[in-house]
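A short write-up of the structure that comes next.
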Amino acid sequence: MSPRAERKQVLLRLDPGVYDAMAKWAADDVRSVNAQIEVVLRRALAEAGRAPRDIAPLPRRGRPRKDAE
């Protein structure tokens, strides 16, 4: 199974103001809202000492940097 297929899907209801703030933050960081929510959740888990040890890293998106060639 591919890593993408193993990812959980969750229905999330947000206050429109919270969504708008997350969307702006995501745009500033050049991420989707979904990816931004995952980044924020991972940071919160790490800060609380609750991040799982076997967590997979976030997939890298976009084109490789030119200096990586």
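Values in this text are rule-based calculations from the coordinates and carry no lab data. Quick caveat, the model's predicted, so the values are computed rather than measured. Reconstructed Cβ throughout: ideal geometry from the backbone, glycine too, with neighbour counts over all protein chains shown.
Brief remarks on what is shown
- In the range 31-61, residue farthest from Arg7 (Cα to Cα) [restricted to those that are of a type outside the set (Lys, Arg) and touching a residue at least 24 places away in the same chain (Cβ under 8 Å)]: Ile37
- Matching residues in the range 33-54 - criterion: being under 13 Å from the mean Cα position of the chain (by Cα) and not small (Gly, Ala, Ser): Val33, Asn34, Gln36, Ile37, Glu38, Val39, Val40, Leu41, Arg42, Arg43, Leu45
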